[in-house]
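Engineer: Would you mind keeping the following structure in view while I ask a few things?
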Amino acid sequence: MPINIPQSVFDKYYDVVDSTFNIFGVTCQLVYIDKVEEISNSFNNLSSNHSVNAHRRPQDNYKRQNKVFREVEKTEDIKLKVYWDNKSWVKVGGDMVIPDNSIQTIFFATDLPKIRKAKELIVHKDIKDYKEMRFKIFGEPFPMGLKQVRYFGCFWERSL
C-alpha cells in the first residue's frame, strides 16, 4: 500500500529549511570574468598564448595575435550556507577524497546556473576586509533535500 504524503508537509519542510538560510547563511560573492578588453597603452612584454584556452590560464594579462587583453572580474552577492568542518558536511555517498581547506556549501536550485558560471567564490563578504578567502568549485553540484528539487550542495577547494 503506497503512502501519500500531502503537499503541505513538503511546503512546511521548505519553509523551515528556507528560514535556515536567514539564520545560518552568510553573504558570499561569486566572481565572474565579465569581459575581456584590449589594453591600448600597454607594454609589449607579455608572452604570446597560442592555445585555444589561453583565457583560462591563471594570469590577468595575455597577448593574442599582437593584441594585449586583460580579464575584468565582476562579483555578485549570493546567500549560502557554508560548512567549514568536514564533520558537518552532508554525506554525498562513496569515499570522496576532498582536498584540505575545502568547504561545502548549500544553496537554492535557482542559483545553480550562477554557481556553474562563476570562476571563484569569495566566502563571507562581511570579513573580506580582514581576510579574503577564494575558492574554486570542486566536482559537480548535487541535489539534496526532500524531493531533491529545491536545494543543491557543492564542494569548493581553496584557490591560490
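Engineer: Can you list the residues, at least 5 places off or on another chain, whose amide H is less than 5 Å from the amide H of K119, using H built in the peptide plane?
Structural biologist: Amide H neighbours of K119: V31, Y32, I33.
Engineer: Something else now. On full extension of the chain, what length is gained from I98 through Y14, given 0.36 nm per residue of separation minus the C-alpha to C-alpha distance?
Structural biologist: Extra length available between I98 and Y14 comes to 27.4 nm.
Engineer: Something else about it: Which length gain, in nm to one decimal place, applies between T27 and E73 when the Cα-Cα distance is subtracted from 0.36 nm times their residue separation?
Structural biologist: Net length gain for the segment: 14.7 nm.
Engineer: Mind listing the long-range amide H neighbours of M133? Cut-off is under 5 Å, sequence gap 5 or more, other chains count too, H placed in the peptide plane at 1.01 Å from N.
Structural biologist: For M133, the qualifying residues are V123.
Engineer: Any of K81/K131; K12/K136; K74/K128; K87/K119 with alpha carbons more than 22 Å apart? Name them for me.
Structural biologist: Check vs 22 Å cut-off fails for K12/K136; K87/K119.
Engineer: Here's another thing I want to ask about it. I need the phi-derived Karplus couplings for region 105-116: 6.51 cos²θ - 1.76 cosθ + 1.60, θ = phi - 60°, integer Hz, Gly and Pro marked x.
Structural biologist: These are the phi-based 3J(HN,Hα) values: 10, 10, 8, 6, 4, 5, 8, 4, x, 5, 4, 5 Hz.
No value in this document is a laboratory result; all are computed from the given coordinates. Because the structure is a prediction, the values reported are computed rather than measured.
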